[in-house]
Amino acid sequence: MHVDSLRWMAQGTKIFFDALAGLPGEELDQPTALDGWTGKHLLAHVAANADALVKLTRWARTGEETPMYSSPEQRDADIEAGANRPATELRAWAAQAAAALDARLAELNKQQWTHRVRTAQGRMVPAEHVPWMRAREVMVHAVDLGAGVGFDDLPPDFLSALIDDITAKRSSGDGPALTLTATDRKATWAVAGTGDPTPLTGTVAGLAAYLSGRAAEGVTGPGGRPAPELPRWL
Ligand code: ZN
């Protein structure tokens, strides 16, 4: 998983920055599909996320508790402030923060990778989870950039791992019970939740988009009915 995550983080970083490079500066001022966020908010968030994960690598290396964000309010205020910066500064910040995260992760020794650190959602996880946390951010937000990347452009093995991750998280939430069957691969997943499970079908890319709360093409229930709305995931 750890080795896969490092690969997905590298692939996702390339997909994200390639998409970003194709977006003209003024496009970043346009709204994204994410509620209330322009492209600049999104870019500030992706940059700040790398900075926050660098803090977790420091925690893993030194044992000194350095949380990702000092508070959820501070996290939001930093994104808001970042969204007011010029696009060229934001691009440079995002690229430099991503490179710093790569470098700090490469410094961890075998034992430090197992040290426990806290996610933004408050879970204690080994530092080995950091590359996965980053892969998820850059891959999914590459789609959110609106630069022409879709879920079906993301690596299939990453999409399967993403569905595994989200179905596990959603199974401890208060959303509807679901069973998910892929139409383009032999794979099924279940989400524990309220009510009788609603059977849904879709491509692996479509199911990943739906579960992550993004616009999903072709994910349907019995008789072609639309899939139920889901509560927030992260
Ligand atoms: Zn994010």
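The values are calculated or read from the model by the stated rules, or taken from the named source; none is laboratory data. Please read all numbers here as calculations on a predicted model, not as lab measurements. Every residue, glycine as well, gets a Cβ built from its backbone with ideal geometry; the counts of neighbours run over all protein chains shown.
The set of residues from segment 120-147 being within 16 Å of the ligand (Cβ to nearest atom), assigned to a helix (DSSP H, G or I) and of a type outside the set (D, E, K, R) comprises H129, V130, P131, W132, M133, A135, V138, M139, V140, H141, A142, V143.
Would you say L234 is in contact (Cβ under 8 Å) with a residue 40 or more places away in the chain and either buried (at least 17 other Cβ atoms within 10 Å of the Cβ) or assigned by TED's automatic domain parsing to the domain that holds L43 (or both)?
On the way: in contact (Cβ under 8 Å) with a residue 40 or more places away in the chain: yes; either buried (at least 17 other Cβ atoms within 10 Å of the Cβ) or assigned by TED's automatic domain parsing to the domain that holds L43 (or both): no.
In short, no.
Please work out which residue is farthest from the ligand (Cβ to nearest atom), limiting yourself to segment 209-234 and to residues that are in a helix (DSSP H, G or I) and in contact with a strand residue (DSSP E or B) (Cβ under 9 Å, 6 or more places away or on another chain). Top of the filtered list is P222. All conditions in (1) on the phi > 0 side of the Ramachandran plot; (2) in contact with a His (Cβ under 8 Å, 6 or more places away or on another chain) hold for G36, with the sole exception of (2).
Within segment 164-199, the residues that satisfy the criterion of being under 17 Å from P231 (Cβ atoms) and either in contact with an Asp or Glu (Cβ under 6 Å, 6 or more places away or on another chain) or assigned to a helix (DSSP H, G or I) (or both) are D165, I166, T167, A168, K169, R170. Residues of segment 1-34 that are buried (at least 22 other Cβ atoms within 10 Å of the Cβ) and within 13 Å of the ligand (Cβ to nearest atom): G12, F16.
For the condition modelled with pLDDT of 95 or more and either outside the structural domain of G39 (by TED's automatic domain parsing) or surrounded by fewer than 17 Cβ atoms within 10 Å (Cβ to Cβ) (or both), what is the one hit in A215, A208, A135, A142?
Numbers: A215 fails: modelled with pLDDT of 95 or more; A135 fails: either outside the structural domain of G39 (by TED's automatic domain parsing) or surrounded by fewer than 17 Cβ atoms within 10 Å (Cβ to Cβ) (or both); A142 fails: either outside the structural domain of G39 (by TED's automatic domain parsing) or surrounded by fewer than 17 Cβ atoms within 10 Å (Cβ to Cβ) (or both).
Step by step, each of A215, A208, A135, A142 is checked, and only A208 is modelled with pLDDT of 95 or more and either outside the structural domain of G39 (by TED's automatic domain parsing) or surrounded by fewer than 17 Cβ atoms within 10 Å (Cβ to Cβ) (or both).
Within the span defined as segment 95-105, one or more residues are within 21 Å of P131 (Cβ to Cβ), buried (at least 16 other Cβ atoms within 10 Å of the Cβ), over 19 Å from the mean Cα position of the chain (by Cα) and of a type outside the set (F, W, Y).
Just one of the listed residues (A182, A168, A127, A161) is surrounded by fewer than 17 Cβ atoms within 10 Å (Cβ to Cβ) and among the aliphatic types (A, V, I, L, M), and it is A168.
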